[in-house]
Amino acid sequence: MRAFPGRWLLCGLLLAGTAQAAPAFVDARDYPDPATGRERFLAAERMLVRGFDDICGDTFCEGQYYNLWAMRLRCSVERATGVVASCVWTFAGSETWVQKDGRIDVDHGSYACTLPLAPATRLEELLQVWQAAGHEAIDAPLPGTTTSVYDGLTDCL
């Protein structure tokens, strides 16, 4: 049986085409490109963290973990449309006790809170809401909803 001499060339071309295809979804920091998206998204994240820190002591940090810490907000964005597929904000906290024998017991917890976004929310709209709200971004109604990031955290934390 004779092998098709161009099959390896064909396989190589197919693999090369697949490897070069852009992913359908990207991190919000990289939308529309890393140079444009990074600073704008990080500025919005800093406003949300500031809001969380301001309310933590009276709300979420009165529970099991008094030192709850906002870790990272990540949003996935459909590259072709700018629509946000999902946003997850992670948090961590701990409680420690020194035992009589010198050991330290640690109770640690982590949370991954999905933000309550309306379907088809565009990243541009979301960032505009947070930027317009400034230090109150955590309480601003999310585009197309009557809920805020705070409401989503209340359900999660």
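The values are calculated or read from the model by the stated rules, or taken from the named source; none is laboratory data. Note that the coordinates shown come from a computational prediction; the quantities given were computed from them, not determined experimentally. Here the Cβ positions follow ideal geometry from the backbone for every residue, glycine too, while neighbour counts run over all protein chains shown. Each accessible area value is taken on the protein alone, full model and side chains, heavy atoms only, with ligands, DNA and RNA left out. Shrake-Rupley method; radii C 1.70, N 1.55, O 1.52, S 1.80 Å.
Couple of notes before you dig in:
- Some residue of the range 98-109 being at pLDDT 95 or above, touching a Phe, Trp or Tyr at 6+ places or on another chain (Cβ under 8 Å) and under 22 Å from Asp27 (Cα atoms): no
- Restricting attention to the range 145-157, the residues that are in a helix (DSSP H, G or I) and in contact with a Leu (Cβ under 7 Å, 6 or more places away or on another chain) total 2.
- The range 107-130: number of residues that are among the aliphatic types (A, V, I, L, M) and either surrounded by fewer than 16 Cβ atoms within 10 Å (Cβ to Cβ) or assigned to a strand (DSSP E or B) (or both): 3
Per-residue answers, yes or no, for (1) open to solvent by less than 80 Å² (accessible area, probe 1.4 Å); (2) more than 18 Å from Phe52 (Cα to Cα); (3) in a helix (DSSP H, G or I); (4) hydrophobic (A, V, I, L, M, F, W, C):
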{"position": "Gln64", "(1), (2), (3), (4)": "no, no, no, no"}
{"position": "Val84", "(1), (2), (3), (4)": "yes, yes, no, yes"}
{"position": "Cys87", "(1), (2), (3), (4)": "yes, no, no, yes"}
{"position": "Asp105", "(1), (2), (3), (4)": "yes, yes, no, no"}
{"position": "Pro143", "(1), (2), (3), (4)": "yes, yes, no, no"}
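- Boolean, Gly93 is farther than 15 Å from Gly144 by Cβ, open to solvent by less than 40 Å² (accessible area, probe 1.4 Å) and touching a residue at least 24 places away in the same chain (Cβ under 8 Å): yes
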